[in-house]
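Participant: Sharing a structure, written as structure tokens. Questions coming.
Only the coordinates and a few stated rules stand behind these numbers; no lab work does. All figures in this text were calculated on a predicted structure; none of them were measured in a lab. Please note: Cβ atoms are built from the backbone with ideal geometry, for glycine as well, and neighbour counts cover all protein chains shown.
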Amino acid sequence: MDSSQLRTGKMKMRCWRLLEYSSKNPAMNLAIEEAILRCLMEYGGPNSIRLWQNPSSVIIGYFQNPKSAVNMAACKKMKIRVIRRISGGGAVYHDHGNLNYSIFVERESLENPLKASIKDLEKSYAIFCGGVVEGLKALGIEAYSQNGDIMIRGKKVSGSAQHRLYNVILHHGTLMLNINMEMLGQALEISNPEKFLVNLHEVLPNKISLDKIKKAVTKSFEKTFNIKLEKGTLTSKERRVAKKLYKMKYSQENWNIKSYLYHGGFSL
Amino acid sequence: MEWAVNEAIFRSRRTGLAPDTLRLWQGSASVVLGAPSSFKDDVNHENCIKNSVEIVRANSVSPEVFYYDMGSLNFAFAIDTSELKQFIKNYQPVLSEYQLLNECIAVGLNKKFRVTSKADATGVYINNKKVSESLQVWFYDYLLFQGIVHINTNLSIYNQVTRFKKQLTTLKLEIGEEIPVGDVINALVQGVEEKLDVKFNEQRITEEEQKLIQKLYRVKYSLDKWNISGREPFLIGMGKTTVEVFVAYPPTSKCRELIDLVKNVTSDLQNEVEIRVWMRGRGINQHGPCPEISPVLKYVEKHSTLPAIIINGELKFSESIPSKEDLRKAILEVS
């Protein structure tokens, strides 16, 4: 897919890439997130939406201390890996009952008023989460967004975070379909997580397949950004960068566990 | 200027250029605010003008406010506290160090003037009234402990110019006679020597400290921005202009371009400019175990402002690469 054609081609509606690639390794999945972001910033290309899943793992926010945010002993016992992401926010538990969505956008590629709104952090969260909310509404679920979270009947079904690199934004979030609440509770040391978290499968009138949920969400993103999503794959550059990032960062204890050295609120 | 001297000595100590130091000095009538104190709420400005009292601000962690005049003796300890722990029983972080230094003063006063002063972490007291008070600031294990012994301080003016209500006394009031400043200096020196088992060696301010004093006075202690508003310029070590470059880890091509640009622009200013490249995700100790980091870097990191150039603690360029000329101009403006 040639990005220049996508940007300036005859089609009025712009094309973004839809990636549905997941690695079986959670650290590699996060390396891929950063690789797509970096390659978009370095080499340009189409904006992308990635839908992906992780095996059982805990993903901590960039600023978090895993020793206080995560029950490390429980994770070790359950063989759950703890990986740090580049975006802020709190720790999340992933497994195959969770669908992750990631949006990679170059600010300048958007048209006003979207371009102007997305510059503002708060508005951008509302826009990106709004895409998921509309997708859920299309499935008959009364969801709403609230400060980067998506809620159903007062319970959280999705959380999200952002990282910005120059003019490129990565917004990524979770969508809990049928996550193992017991393991989540143990890994994140939360008693009765069902009290404030909800799986989509609990509120859907009928059980819906993962594919149908993906379709609803992608359709909604197409509407939100006035784009056409075309299925694509990782480029060779993205794969190369992801491997490098995996090797030097996401597979390293120094990044995942030790990089947080508190000093007056700094982590760097 | 006197408070610039204290800070220069402290910087000299923490960079390893000076030994543990006790400075004793006197200054004209002034109100001194701690770094977090409020000029508006804590100082009676009208009465300061009426009594020709200067307003200065000192580095400190606490929001204290003092008054001193030529009837006071001021002191500043610039020390490595890791050496103090051997003299402390039932160690309580921070408070024990303060108490120990106050005890040095109390021991000196008690011996010299046959008074019964008592020390705790908050000051030195005679008959439950404060005769010595202090402000403290830390840099890792290094402590700058700055304070006042009220020999014959004008307490009536003290109460007019500050809004703090304190139970204060002076040595003159307690002893009932005039006390020469020299006697109090000797008392303090003896108290410290006895309590900390040290011997003082009288020294002068070094040339390097002198240079720093001038710079600190120019960029900080002579300015309302600091004295009134409490906004502090960020200076590293012995006061070199600091250019902090905040980039991604590993650096992107634009990050590398930016780092090269900063190095290029400052290549002829190596004696005046210190460059610190901070890579997001490399950890706090990427430049050694005791880093000096400007507070604005915390903001920049929190907001993922990549890349960013911070000069002497002020965010000058963000999310873009400045021109060579603009960058050079921004650096020279504060050098």
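Participant: Work out which helices of chain A, taken as complete DSSP H runs, extend at least 24 Å along their axis over the Cα atoms and score a mean Kyte-Doolittle of -1.0 or more, then list them.
Facilitator: Answer set is A:26-43, A:121-138.
Participant: Got a sec? Charge dipole of the protein assembly as shown, +1 on Cβ for Lys and Arg, -1 for Asp and Glu; which of B:Leu84, A:Gly159, B:Ile331 is way out at the positive end?
Facilitator: Towards the positive end, the residue furthest out is A:Gly159.
Participant: Any chance you could get the radius of gyration and Dmax over the Cα atoms of segment B:151-308, in Å?
Facilitator: Final numbers for Rg and Dmax: 23.7, 74 Å.
Participant: Limiting things to C-alpha atoms, what are the Rg and the maximum Cα-Cα separation (Dmax) for segment A:98-179, in angstroms?
Facilitator: For segment A:98-179, the Cα-based Rg and Dmax read 12.9, 38 Å.
Participant: Which residue fluctuates most in the GNM of chain B (Cα springs below 10 Å): B:Gly191, B:Gly288, B:Gly27?
Facilitator: Looking only at B:Gly191, B:Gly288, B:Gly27, the biggest GNM fluctuation is shown by B:Gly288.
Participant: Still on this structure, I have one more. Exceeding 27 Å between C-alpha atoms, which entries from my cross-link table qualify? They are A:Lys137/A:Lys231; A:Lys258/B:Lys220; A:Lys119/B:Lys254.
Facilitator: A:Lys258/B:Lys220
Participant: To the nearest whole percent, what portion of all C-alpha pairs in segment A:151-268 is separated by more than 18 angstrom?
Facilitator: Of the Cα pairs, 73 percent sit more than 18 Å apart.
Participant: Treating only the Cβ atoms of Lys and Arg (+1) and Asp and Glu (-1) as charged, compute the dipole magnitude of the protein assembly as shown about its Cα centre; round to the nearest 20 debye.
Facilitator: The dipole of the protein assembly as shown has a size of about 2880 debye.
Participant: For chain A, max minus min Cα coordinate along each principal axis, in Å, sorted largest first?
Facilitator: Answer, in whole Å and largest first: 56, 45, 34 Å.
Participant: In units of 2.2 N^0.38 Å, what is the alpha-carbon radius of gyration of segment A:9-60?
Facilitator: So the Cα radius of gyration is 1.37 times the expected 2.2 N^0.38 Å.
Participant: Sticking with this structure for a sec: Please check chain A for the longest run free of trypsin sites (Lys or Arg not before Pro) that are loop-located per DSSP (anything but H, G, I, E, B) and have at most 15 other Cβ atoms within 10 Å.
Facilitator: For trypsin sites (Lys or Arg not before Pro) (loop position, at most 15 other Cβ atoms within 10 Å), the longest site-free span of chain A is A:80-152.
Participant: Can you compute the equivalent ellipsoid semi-axes for segment A:194-248, i.e. the square root of 5 times each eigenvalue of the Cα gyration tensor, sorted largest first and rounded to whole Å?
Facilitator: The answer is 31, 20, 11 Å, longest axis first.
Participant: Only helices at least 27 Å long along their axis, Cα-based, and averaging 0.0 or more on Kyte-Doolittle count here, so list those DSSP H runs from chain B.
Facilitator: Within chain B not a single helix satisfies the rule.
Participant: Please figure out what share of the DSSP beta bridges in chain A is antiparallel and state it in percent, rounded to the nearest 5.
Facilitator: Within chain A, antiparallel bridges account for around 70 percent of the total.
Participant: What are the semi-axes of the equivalent ellipsoid for the protein assembly as shown, taken as the square roots of 5 times the Cα gyration tensor eigenvalues, largest first, in whole Å?
Facilitator: After diagonalising the Cα gyration tensor, the semi-axes are 58, 27, 22 Å.
Participant: List the pairs from A:Lys76/A:Lys243; B:Lys50/B:Lys165; B:Lys225/B:Lys298; A:Lys228/B:Lys298 whose alpha-carbon separation is above 30 Å, in the order I gave them.
Facilitator: Flagged as over cut-off: A:Lys228/B:Lys298.
Participant: Computed over the Cα atoms of chain B, what is the ratio Rg over Rh, Rh following Kirkwood?
Facilitator: That ratio equals 1.03.
Participant: Another one. Can you compute the charge dipole magnitude of segment B:2-227 about its Cα centre, using +1 on each Lys and Arg Cβ and -1 on each Asp and Glu Cβ, nothing else charged? Give it in debye, rounded to the nearest 20.
Facilitator: Approximately 320 debye in magnitude.
Participant: What are the aspartates and glutamates whose alpha-carbon lies under 14 Å from the alpha-carbon of B:Lys195, with same-chain residues fewer than 8 places away excluded?
Facilitator: Those aspartates and glutamates meeting the cut-off are B:Glu83, B:Glu97, B:Glu103.
Participant: What residue among A:Ile208, A:Ile257, A:Ile86 shows peak mean-square fluctuation when chain A is described by a Gaussian network model with Cα springs under 10 Å?
Facilitator: A:Ile208
Participant: Just tell me which lysines come within less than 18 Å, Cα to Cα, of A:Lys123; anything on the same chain fewer than 8 places away is out.
Facilitator: Here the lysines satisfying the reach criterion relative to A:Lys123 are A:Lys115, A:Lys223, B:Lys302.
Participant: A further question follows. In whole angstrom, how far apart do the alpha carbon centroids of segment A:58-84 and segment A:30-53 sit?
Facilitator: First find each Cα centre; the distance between them is then 25 Å.
Participant: Another question, if that's okay. Mean-square fluctuation check for chain A, GNM, Cα pairs under 10 Å: which of A:Gly131, A:Gly97, A:Gly140 is largest?
Facilitator: Highest fluctuation among the options: A:Gly140.
Participant: Toward the positive end of the charge dipole of chain A, about the Cα centre and with charges on Cβ (Lys, Arg +1; Asp, Glu -1), which of A:Leu19, A:Leu200, A:His96 goes farthest?
Facilitator: Going by the Cα projections, it comes out as A:Leu19.
Participant: To one decimal place, what orientation-averaged projected area in nm² is obtained for the convex hull of the Cα set of segment B:241-334?
Facilitator: 5.6
Participant: Place +1 on the Cβ of every Lys and Arg and -1 on the Cβ of every Asp and Glu in the protein assembly as shown, take the dipole about the Cα centre, and give the residue among B:Leu173, A:Thr174, B:Leu100 whose Cα lies farthest towards its positive end.
Facilitator: Working it through, the farthest residue towards the positive pole turns out to be A:Thr174.
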